[in-house]
Amino acid sequence: MHNDAAFINVSPAIHGLPPEVLSNIFELAYVSLCGDEKLPFSTTITSVCHRWRDTSVSLAYLWSPLRIRHFCQPEVLEIWLGRSQNYPLDLSIVVCSDICDKFGESSVGGPDWTKLYKVLALHIPRCDSLKISAEESGRALVNIIEFVGSIHLPILWKLVVIGPKHQARDYADNPILQLNLGALDSILEDVRLQGIATFICRPPLQNITTLHIALGPSSAIEFRQIIVSCPLLSTLAVFQNIPLKWRWSGNAINVPKLGSLQFYGGLCDVAEILPLLDCPELEELTVAPVYSRDLVRLYDALRTKSKFQKIKSLAIVPSTNDTYGTITMAAALFSGVERLTLPYVYDKAEFTYTFNFETRRGSWPLLKDITFNGIDKGSEDMLCSTARYRADVGKPFKRVFLDTFSMETLQSTKVDELRALQEAGTSVVESSRWDAWWPDGTSHRDGYAWD
């Protein structure tokens, strides 16, 4: 039996760890948990005990992510920035709807933004990543942008600006309210713009390699102006039902270095956009969701043209059961695809037909890796029979990626089938590759890609 009093007074073993080991543990935890804004990792561990507090306060990288919201006080901000020392900052400024539009003056219930600006002005030059969000007020967004644009930002490489989804045209033709991103003294490479931000933050974007835009340009001309100003662009993502009026009669939009092109959120004009783009190096294409009419129109527009021949990775989300019947058109257009993502399976017959080499348009002859979600007890036979068929005709899948639910389904009902596939050289891997793009697992995506 333990002596209860003596046992209670024994220090936990973790208290005996050297500060260097404790620092390494904090670093590993920080990498996996630092994205939680509701419970910041750095402030949480300082509350455990004085030893953890002393160790964590001395680690500058723990304090480099800084989220400023309407309740942030200048005094707290100074303490946080002091702990970050000279470490590059990952700064996020979020203006909520209850903040007065006129910055620089104290607003009722909010911070004194004049003091915040003075504190920030001393440290913002060491930002390497900056996010500005003002989804309720265009004027608030403009004021923050003007403040940022007046400061030397030598190491800024990523900029995220989220503006209201309305009022866009109010800013489109007013140069006074616009920020020339090319004038920022930075090494800016990654830019993500939503709503009126696409009009406030204007080209040129000479060094940009990654560009995400949502709810912005409303015509092909405006879209072209943005894209051609990015000569080094390698990744382009277009989100959330941009109301594009695609009646472009000019030359093709040349994007010579574009390697990854992504469309998300119910954009119904993919068939209009893709033929306009000249992307000789394009290797990755994502369309989520895709509509059957888009695939039909796209096939009619491109079947006689040798475009997009280098595409190796295709992620495509059929919007309905009917769309599965037209996926073979995508197989004909992008015959060089080696990695295919089809998250949802609506129709077993159409799914099987998609991978059958007897179909008129051919079915992914070079395909090696395929990703699925949501394979249930009604569709596991379809997956296994398709994998067997591909192996029998000498075109086996090299790897099949399944989400956790699908993997558990197959492991409970198709153990022998899984073993046979692996013996035939097909690896079945549990991996949420699609969830990495759509973390909330729903069909409506709003802002997930901006961070």
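Readers should treat all values here as calculations from the given coordinates under stated rules, not as data from a laboratory. Just so it is clear, the structure is predicted and the values come from calculations on it, not from any experiment. Neighbour counts run over all protein chains shown; Cβ positions are idealised from the backbone, glycine included.
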message: Give me the one-decimal nm value for the distance between modelled label points at Glu281 and Lys305, 7 Å along each residue's Cα-to-Cβ direction.
response: 2.1
field: Filter on Lys131/Lys158; Lys368/Lys395; Lys307/Lys395; Lys312/Lys414; Lys115/Lys158; Lys158/Lys312 - keep pairs with C-alpha separation over 19 Å
entry: Lys307/Lys395; Lys312/Lys414; Lys115/Lys158; Lys158/Lys312
message: Starting from the 7 Å offset along Cα-to-Cβ, what nm value, one decimal, do you get for the label separation of Ala121 and Asn251?
response: 4.6
message: Give me the extension gain from Ser427 to Val393: residue separation times 0.36 nm, minus the current Cα-Cα distance, reported in nm with one decimal.
response: 10.5 nm
- prompt: So for the pair Thr43, His152, with labels modelled 7 Å out along Cα→Cβ, what separation do we get in nm?
  reply: 3.2
- prompt: Arranged from highest to lowest average of other beta-carbon atoms within 10 Å per residue, in what order do the peptides 384-391, 16-23 appear?
  reply: 384-391, 16-23
